[in-house]
Amino acid sequence: MALLTLADYESTAGSLAAWPPGVWDFLTGGAGTESTVTANREAFARWRLMPRVCVDVSVVETSTTVLGSDWDLPVAFAPTALHEVCTRDAEAATASAATALGVPMVVSALSSRTIEDIADAAPEATLWQQVYLFRDRKVTASLVQRASAAGAQAIVVTVDVPRPARRLRDIRNELRFPPHVQARNLAASTGRAPDVSSPSAHTAEAMDPSVTWEDVQWLTELSALPVLVKGIQVGQDAEHARRAGAAGVIVSNHGGRQLDRARPTLDALPEIRTAVPSGYPVLLDGGVRTGAEVMIALALGADAVLVGRPVLHGLAVAGKHGAAMVLGILRAELTDAMAQSGHPTLDSVDRSAIHPAPDPA
Ligand code: FNR
């Protein structure tokens, strides 16, 4: 069967025999009843595009500028841990795919490869480094310093993990990663290999539940790199992030993996957009699976989106080519949706480009 959609990649990845026990559930699942995983997707179904006609769409331009850097698509690779579980070349493969499509890759604090190795493997890649405000702030500072030295262009600080989530699939599966799966990026900053065989035990040990905006401010002042705060779900928190010195925010509920019943990110987006000045970068992730959905997020105020699980599906199906194919599908779908709806560039995609759906489906 031809793989034509991100859903095709998801079902193909899910049927692979090679997954170690519990790992597919780890990638797919969310917190509690997984209502937020589902809600992130359903929120897109509540909107329809409003096609305009007799607009010259002989050339469609999907490029955009975020934080002063040019992206070929308004889409980035979200930070996701331990790509080694999906493909042998791990984040080196992901970074090659991101380079091929002209989009940035956000490297997880828990990547299987170091930021230095990833930058070496894909010297043209636009890399952003994701960090946590770990209990040991020296580890956070070291990740920032190493990322800066390796040529990363921004820091993403994820603030929606105060403690391990209640991920019922992982608890039932008694999830344990195989021993070869290592968080080498973190190890290079801690000086010893952290035990990530149980993600939940590692989160409990490493994450700091006492983090406040003062800590975010400390991070924004730590280096010259712009800092984006990931995990913003309420307008007031976007304003807090901006005041703490953040260069932008990422509207995210961690793909529904932390707080069950958190509202879908697409529903939170308009409130967050209006809480910050126009021109202030607002990105969104959670459930984006088609090019038309990228347009809907942009119409509701996002400057760009990130995709998480679909990239992992692509990596698992066909390594770097698979991850590139997934982004290639989004590019083809976005180009088509823009042409079919009379938007030759992204500038004209605003609230007038969409309409609430009377018949969510
Ligand atoms: C994640 N996510 C995540 N976020 C982060 O800031 N650091 C991380 O290390 C990880 N790790 C991670 C692993 C896996 C397996 C998943 C699925 C997700 C969250 C990620 O960045 C993003 O917010 C969501 O994945 C977006 O939702 P979608 O696109 O997966 O629906």
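Projecting label points 7 angstrom from Cα along Cα→Cβ for SER348 and ARG137 puts them 5.0 nm apart. In plain terms, the chain from ARG263 to LEU4 could stretch by 90.3 nm, reckoned as 0.36 nm per residue minus the Cα-Cα distance.
If exposed GluC sites (Glu not before Pro) are those in a DSSP loop with at most 12 other Cβ within 10 Å, what is the longest stretch of the chain that has none? So the longest stretch without any such site is 222-361. So what is the relative contact order of the chain, in percent, for Cα pairs below 8 Å that sit 6 or more residues apart? Normalised by residue count, the contact order of the chain is 27 percent.
Can you classify region 6-345 as rounded, prolate or oblate using the Cα gyration tensor, where a ≥ b ≥ c are the square roots of its eigenvalues, rounded means a/c under 1.5, and otherwise it's prolate if a/b beats b/c and oblate if not?
Details: a/c = 1.40, a/b = 1.24, b/c = 1.13.
Rounded.
Relative to one another, the C-alpha centroids of region 153-177 and region 30-77 are positioned 25 Å apart. May I ask you to list the residues of region 101-117 whose amide nitrogen lies under 12 Å from a point 7 Å from Cα along the Cα→beta-carbon direction of GLU124? Of the residues in region 101-117, 101-103 have backbone N under 12 Å from the label point off GLU124.
Which length gain, in nm to one decimal place, applies between ASP195 and ARG172 when the Cα-Cα distance is subtracted from 0.36 nm times their residue separation? Please report the intermediate quantities before stating the final value.
Numbers: separation 23, 0.36 × 23 = 8.28 nm, distance 2.01 nm.
Gain in length upon complete extension: 6.3 nm.
Multiplying the sequence separation of ARG48 and ASP215 by 0.36 nm and subtracting their Cα-Cα distance, what value in nm do you get?
Numbers: separation 167, 0.36 × 167 = 60.12 nm, distance 4.03 nm.
Length gained between ARG48 and ASP215: 56.1 nm.
Note on region 79-238: the C-alpha convex hull projects to 9.7 nm² when averaged across all orientations. Of the trypsin sites (Lys or Arg not before Pro) found in region 271-341, no site is in coil according to DSSP while having at most 10 other Cβ atoms within 10 Å of its Cβ. Shape verdict for region 37-111, please, from the Cα gyration tensor: rounded (a/c under 1.5), prolate (a/b greater than b/c) or oblate. Taking the square roots of the gyration eigenvalues as a ≥ b ≥ c, region 37-111 is oblate.
Residues considered: VAL53, VAL234, VAL75. Largest GNM mean-square fluctuation over the chain, using C-alpha springs under 10 Å, is found at VAL53.
Qualifying trypsin sites (Lys or Arg not before Pro) in region 97-159, where qualification requires a DSSP coil assignment and no more than 15 other C-beta atoms within 10 Å, comprise ARG135.
Secondary structure note: in the chain, about 20% of the DSSP beta bridges are antiparallel. Close amide H pairs (under 5 Å, H built 1.01 Å from N) link ARG166 with GLY32, residues at least 5 positions away or on another chain.
Each reported figure results from applying straightforward, stated rules to the coordinates on display, with no laboratory input. What you see is a predicted model; the values in this text were computed from it and never measured. Don't worry about glycine lacking a Cβ; one is built from the backbone with ideal geometry, like all the others, and counts go over all protein chains shown.
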